[in-house]
Amino acid sequence: MPTSRDWSIHFREAFRDLRDLYGFLGWEFPEGHLRVERSYPLFIPRALARKLKDQGPDGVLAREFLPDERELHPAGLLDPIGDRAYQRAPQLIHRYPSRALFTATSVCPVNCRYCFRKNELAVTNELFQQDFEETLSYLRAHPEVSEIIFTGGDPLTLSNEKLEKYLMAFGELPSIRDLRFHTRYPVILPERIDAGFLSVLGKASAHFRTVSVAIHANHVSEFDEENSAAIGALAATGIQLLSQTVLLRGVNDSCEALLGLVNKFLELKIRPYYLHHPDQVKGGMHFYLSLEEGRSLYQKLRGLLPGWAIPLYVIDVPGGHGKVSAFNPETHAYSGNLMALNGTIISAAEPNRTP
Ligand code: SF4
């Protein structure tokens, strides 16, 4: 497990300037990317920059994290999932009855170029203002909320002390039974999984019914010995580890890439959970692929995995309509040779059965 230096030093030393980064990479400087950087800032920790350099300018990591002039294309939505309509307190989004998103911070360990919040993170807005008392009083008045999902930005940007303070406050509400963190830190800046954070998780596990960490990763080449060790330390706490992946053109839009990623998750004791269809976000449309393309890939993936290892393929319907399944086998996988009739499925062939 990485313990060499305090994680905040790695955070402070991250590349924020395009010229500095390209000086380190030793690649030809793309002048045109300066305009992109002004709209969508760069943030890349040094360890990730080293991996990026090893992979080269045409690698998957360069596509995920380096500015690209296609980000300036005007197509796409500023708020593709429309969750602002469900903001109930300055840091709280309540869209589904039993769970609420707690937007703890706007800061991340890396700036992903495909991010669905890229137009919100580039500015400061009310989604990330702090008024924790309002969040607590909303939750007191809404006991139907049983799960708090720490999101952002990335919630692990907060110090262990601050996280513990929030957890204690949520722990005083009898209606809150489950906690979940959605984070990219374990993969991007594994030093963040320090002894203090593991202790915070241990205390949370003793109090809440479930504690989950949903780890965001999109490609097997994001993993190395260091982050695998940090994820191993998380797994050793006994909390639930879940995966979260965005399907991205040019990054993981092949059955081979997705299968390799799922196998890596299983190796690291991460339960495959979400495969997100990409959001139609302004500045990220070059990562977009159609639903038909995504469904065709997912159909092939389903045929190669046991049922328990298949992530849910989901899409956030633009306009704030929420997350729904992006795949319906009755209308896609078996079209033409299967019919659902009064609850009975009549099959001429079963090309994608998943035991
Ligand atoms: S870590 Fe998540 S919220 Fe942060 S930039 Fe990447 S995709 Fe966006």
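The values are calculated or read from the model by the stated rules, or taken from the named source; none is laboratory data. Please read all numbers here as calculations on a predicted model, not as lab measurements. When we count neighbours, we look across all protein chains shown, and the Cβ atoms used for this are built from the backbone with ideal geometry, even at glycine. What goes into the accessible areas is simple: the full protein's heavy atoms, side chains included, and nothing from ligands, DNA or RNA. Shrake-Rupley method; radii C 1.70, N 1.55, O 1.52, S 1.80 Å.
Each residue of region 303-319 was assigned a 3J(HN,Hα) from its phi angle through the Karplus curve 6.51 cos²θ - 1.76 cosθ + 1.60 (θ = phi - 60°); the sequence is x, 9, 10, x, x, 6, 9, 8, x, 6, 8, 10, 9, 8, 6, x, x Hz, with glycine and proline shown as x.
The residues of region 7-347 expose, per residue, 42 Å² of accessible area to a 1.4 Å probe. Each label point is 7 Å from the Cα along the Cα-to-Cβ direction; what then is the distance between the points at Ala206 and Glu13, in nm? The two pseudo-label positions are separated by 3.5 nm. The H on the amide N of Arg88, modeled in the peptide plane, is under 5 Å from the matching H of Ile93, His94, each at least 5 residues off or on a different chain.
Apolar share of the accessible surface for region 7-347: 53 percent from carbon plus sulfur atoms, 1.4 Å probe. Highest mean packing comes first when the peptides 263-273, 9-19 are listed by Cβ atoms within 10 Å, giving 263-273, 9-19. So if I take the centroid of the Cα atoms in region 67-122 and the same for region 178-202, what is the distance between those two points in Å? Between the Cα centres of region 67-122 and region 178-202 lies a distance of 21 Å. Extension gain, Arg50-Arg140: 0.36 nm per intervening residue step, less the Cα-Cα distance, totals 27.7 nm. Working from label points 7 Å from Cα in the Cα-to-Cβ sense, the Asp20 to Glu133 distance is 3.9 nm. The count of lysine pairs in the chain with alpha-carbon distances below 20 Å, taking only pairs 8 or more places apart or on different chains, stands at 7.
Between Arg84 and Val324, the contour length at 0.36 nm per residue exceeds the Cα-Cα span by 84.6 nm.
Each label point was placed 7 Å from the Cα along the Cα-to-Cβ direction; for Glu267 and Ser39 their separation is 3.8 nm.
Amide H contacts under 5 Å for Leu242: Val213, Ala214, Ile215, Arg271, restricted to partners 5 or more places along the chain or on a different chain, H placed in the peptide plane at 1.01 Å from N. You can think of it this way: the chain between Asp253 and Tyr96 has 53.6 nm of extra reach, that is 0.36 nm per residue less the Cα-Cα gap. In order along region 208-220, the phi-based Karplus estimate (6.51 cos²θ - 1.76 cosθ + 1.60, θ = phi - 60°) of 3J(HN,Hα) comes to 8, 4, 9, 10, 10, 10, 8, 9, 8, 8, 10, 8, 4 Hz; Gly and Pro are listed as x. Can you compute 3J(HN,Hα) from phi for each residue in region 83-94, using the Karplus curve 6.51 cos²θ - 1.76 cosθ + 1.60 with θ = phi - 60°, rounded to whole Hz and x for Gly and Pro? After applying 6.51 cos²θ - 1.76 cosθ + 1.60, I find 7, 4, 4, 9, 6, 10, 8, x, 10, 10, 10, 10 Hz.
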